[in-house]
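The values are calculated or read from the model by the stated rules, or taken from the named source; none is laboratory data. Note that this is a predicted model, so its numbers are computed, not measured. Here the Cβ is made from the backbone with ideal geometry for all residues, glycine too, and neighbour counts use every protein chain on show.
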Amino acid sequence: MNIRDVAEFAEVSIATVSRYLNNGIISEKSRAKVKHAIEHLGYTPNDLAKSIFKDEYYTIGVMVPNLSNPFYYQFVAEIEQYASSLSYSVLLSNTNDNRDKEIKSLQVYLRNRVAGIIASRSRCNIEYNDLKVPVVAFEDKIGPNIPTVSTDNYEGGRAAFRHLYECGARKMLHVTGPELFSAVNDRMQGFSDAAMDCGLNIDIVYMNSDFKTEMAHPTSNHFLNDVDWKKYDGVFVFNDIASAAVMRCIKLKGFRIPEDIQLVSFDNSFLCDLLSPQLTSFSQPISAISKALVDSLLIQMKGQSVSPMDCRLTPKLVQRESTRIKHS
Ligand code: XLF
């Protein structure tokens, strides 16, 4: 049995059957004929056609902002693994933190009839409102009725300060990322507030993206080269991939980590173990985040509402070699 048999039975062209299966434009009369033929012949050519026929879809669209960041590689891998245990597959899109790219991906997802969408570090907002498809956001809020999952970044920032302080650092610098990213701002705010509570002044420098391949070249990090590293004994960097660039720069300037400058990071991606010295980092609980995101979509698919709308998971300190071991 193939598409030709369906076309013959329905007395329409093969192209019409194909358009029906791919949700293309087709008259109501032809649609009814093809539907009847498929039902009568018991034609089930592939999963997509089956899904369309039953009005059930098994693909989740996952948008990530930057696949060259190892955190997002792990993020997607976890989502894929959990989704596939529930018989869903993943349609991935790398938005490069670009709103137009994100909107195009959204259109592709809708055309492909995804069952739900995970939007991470989205640059959009109204575009996701009133879609007929369940949506959940990682980090940046994209609408009043769209649930959000994130790490508690503010608390993470506070804890990063506390850790450096307990390890003896008193002259601290925070390397933060683009102001547009809510998670990055929350980390900075937490770090600054904790320093203020303690009566310490901190300095802040800004990176304008979380990672671009050019950053691997030390001379391209002008703002890092301009930092007077001897002023500092403790640095908190907003994520692991940026920490790798900072670490390289500090070492090239002749300072030792952690003897001269202690370094603490955020994400706890696999990069932390690969760097030398190994990087102390606050973990974003990627498995729990991925599960919470997919579960939120499943709840919405059942027509139920997600409560609470904003789910915040606690980051945990994973101490390695870039900060001095605490002696209590
Ligand atoms: O958006 C933030 C900044 O970078 C995200 O959680 C990350 O930490 C991933 O590396």
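Structure above, values below:
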read-out: Criterion: modelled with pLDDT of 95 or more and either among the small types (G, A, S) or assigned to a strand (DSSP E or B) (or both) - qualifying residue of L317, L298, L293; value: L317
read-out: Positions within region 4-31 being of a type outside the set (S, T, Y), within 44 Å of the chain's Cα centre (by Cα), surrounded by fewer than 17 Cβ atoms within 10 Å (Cβ to Cβ) and closer than 15 Å to T44 by Cα, in sequence order; value: R4, N22
read-out: Answer from R121, R113, R162 - the residue that is among the basic types (K, R), more than 16 Å from the ligand (Cβ to nearest atom) and on the phi > 0 side of the Ramachandran plot; value: R113
read-out: Test set (1) more than 18 Å from K171 (Cβ to Cβ); (2) surrounded by 16 or more Cβ atoms within 10 Å (Cβ to Cβ); (3) within 14 Å of the ligand (Cβ to nearest atom) - V237 fails condition number; value: (1)
read-out: Residue that is nearest to Y232 (Cα to Cα), among those in region 160-190 that are over 22 Å from the mean Cα position of the chain (by Cα), among the hydrophobic types (A, V, I, L, M, F, W, C) and part of a helix (DSSP H, G or I); value: L164
read-out: In region 85-140, the residues that are assigned to a helix (DSSP H, G or I) and surrounded by fewer than 16 Cβ atoms within 10 Å (Cβ to Cβ); value: S85, R99, D100, I103, K104, Q107, V108, L110, R111, I126
read-out: Evaluation of S269 against (1) within 16 Å of the ligand (Cβ to nearest atom); (2) out of contact with any Pro (no Cβ under 7 Å at 6 or more places or on another chain) (one fails), failing number; value: (2)
read-out: Residue count for region 111-144, restricted to those that are free of Cβ contacts under 8 Å to residues at least 40 places away in the same chain, among the small types (G, A, S) and more than 14 Å from A183 (Cβ to Cβ); value: 1
